[in-house]
1. Specify the residue that is surrounded by the fewest Cβ atoms within 10 Å (Cβ to Cβ); the eligible residues are those in segment 217-265 that are assigned to a loop (DSSP other than H, G, I, E, B) and basic (Lys, Arg).
2. Give me the residue from segment 176-219 that is among the hydroxyl-bearing types (Ser, Thr, Tyr) and within 21 Å of the chain's Cα centre (by Cα) and, out of that set, modelled with the highest pLDDT.
3. Within segment 99-126, work out how many residues are exposed (fewer than 15 other Cβ atoms within 10 Å of the Cβ) and of a type in the set (A, V, I, L, M, F, W, C).
4. Name, by its number, the condition in (1) closer than 25 Å to Leu257 by Cα; (2) surrounded by fewer than 20 Cβ atoms within 10 Å (Cβ to Cβ); (3) not hydrophobic (A, V, I, L, M, F, W, C) that does not hold for Thr96.
5. Of all residues in segment 219-251, which are more than 27 Å from Asn261 (Cβ to Cβ) and of a type outside the set (S, T, N, Q)?
6. What number of residues within segment 50-69 are surrounded by fewer than 19 Cβ atoms within 10 Å (Cβ to Cβ) and closer than 21 Å to Asn122 by Cβ?
7. Just to be sure I understand the filter: pairs with C-beta atoms under 7 Å, separated by 6 or more residues or on different chains, first member in segment 81-92 and over 20 Å from Lys264 (Cα atoms) and touching a residue at least 60 places away in the same chain (Cβ under 8 Å), second member among the aromatic types (Phe, Trp, Tyr) and surrounded by fewer than 22 Cβ atoms within 10 Å (Cβ to Cβ). Which pairs pass?
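The values are calculated or read from the model by the stated rules, or taken from the named source; none is laboratory data. Remember, predicted model here, so these are calculated numbers, not experimental data. Don't worry about glycine lacking a Cβ; one is built from the backbone with ideal geometry, like all the others, and counts go over all protein chains shown.
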Amino acid sequence: MHFKHLRFSACVLIIFITINILSSTHAQPHSIAFFSSHNNITPEGYLYDKPLMDTLRGLGYKVDHKYTTNKNMSVEMLNKYNLIIIGRGSRSGDFTDTGFWEKIKTPVLCLSGYMLFPNHLNLICKGKLQGPNGDLLNKDVSTVQYINIVAPNDPIFHNISNQDMKIPYNTWIYDYIDYDSATFIAKNQGKLLATYTAPDESPVNKKVAMARWLPGVRVYKNGVTPKGYRTYMQMGTDNDGEPVILNHMQFTPESFLIFTNEIKYLISLYLNAGCSIKKTSSKIKTSK
């Protein structure tokens, strides 16, 4: 009897392990709709945002490329995704239907500052995207720019080491929003996460580098009330001239971890949509 009991227990254990293996094997990957313009392609004929999309696929995400000129998209279709990423290769002119994007419940992670302005997603009231200047061909591609951490305990900075609250963020040429962080704090309901110190400006004159907005909260007096979470972190640049010089994969190891941290965080918020922000946040460890 004792031997039979052990044999039965072993069989149950094997079945239990098998079920768990099959469950994990067949688990559906989280889905991402990645927006990038079909016009923004390399001389070799592939999208400048393709390396980033392929990297996300390599991390296990199901990434669907969406052309921003596709007029057949619906709110319902985009709400089936776990996350939407607006790549730097997107055209701002394709995001002029502010009311459409306001209705999207799926979190949106925006890598292009152009999309934040009033005639696009309308998350900030003013500002401009400051692009690269000077002799771009002879700029040192190993140059690294830093961001200033404003919210060190936010999940986006989990496992990120910093020196004096600064993080190496992007390389070579880069864009930033010329929008003062003090004005953002005073007039906008978004959470400021990090700032840039703009080139050739006083260290106290900091620009908005990263921010996050809550669903159901009007972002500013004449802004939208988004149905889902919205995050901005500038990543990618182009000089919009001749010769065309682009830098879409400008991540440092630190900023790529920030990027993937925010992807995980936004997806967790979306999947736990019925939970309070405090409860949802507790599922992801924060840096101390």
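1. Residues of segment 217-265 assigned to a loop (DSSP other than H, G, I, E, B): 217-229, 234-236, 239-245, 248-250, 252.
Still in the running and basic (Lys, Arg): 218, 221, 227.
Values: Arg218: 12, Lys221: 9, Lys227: 16.
Among those that are assigned to a loop (DSSP other than H, G, I, E, B) and basic (Lys, Arg), it is Lys221.
2. Step one: of segment 176-219, the residues among the hydroxyl-bearing types (Ser, Thr, Tyr) are 176, 179, 181, 183, 195-197, 202.
Cutting the leftovers down to within 21 Å of the chain's Cα centre (by Cα) gives us 176, 179, 181, 195-197.
Numbers: Tyr176: 85, Tyr179: 89, Ser181: 92, Thr195: 95, Tyr196: 91, Thr197: 86.
Looking at residues that are among the hydroxyl-bearing types (Ser, Thr, Tyr) and within 21 Å of the chain's Cα centre (by Cα), I get Thr195.
3. Within segment 99-126, residues that are exposed (fewer than 15 other Cβ atoms within 10 Å of the Cβ) and of a type in the set (A, V, I, L, M, F, W, C) number 1.
4. (1)
5. Let us first name the residues in segment 219-251 that are more than 27 Å from Asn261 (Cβ to Cβ), namely 221-222, 239-245.
Passing the criteria: Lys221, Asp240, Gly241, Glu242, Pro243, Val244, Ile245.
6. Counting residues in segment 50-69 that are surrounded by fewer than 19 Cβ atoms within 10 Å (Cβ to Cβ) and closer than 21 Å to Asn122 by Cβ gives 1.
7. Filtered contacts from segment 81-92: Gly89/Tyr48.
Listed here are the residues, each with its yes/no results for (1) aromatic (Phe, Trp, Tyr); (2) closer than 28 Å to Asn247 by Cβ; (3) out of contact with any Leu (no Cβ under 9 Å at 6 or more places or on another chain).
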site	(1), (2), (3)
Asp175	no, yes, no
Asp178	no, yes, no
Ser181	no, yes, no
Lys187	no, no, yes
Tyr196	yes, yes, yes
Val208	no, yes, no
Lys221	no, no, yes
Arg230	no, yes, no
Met235	no, yes, no
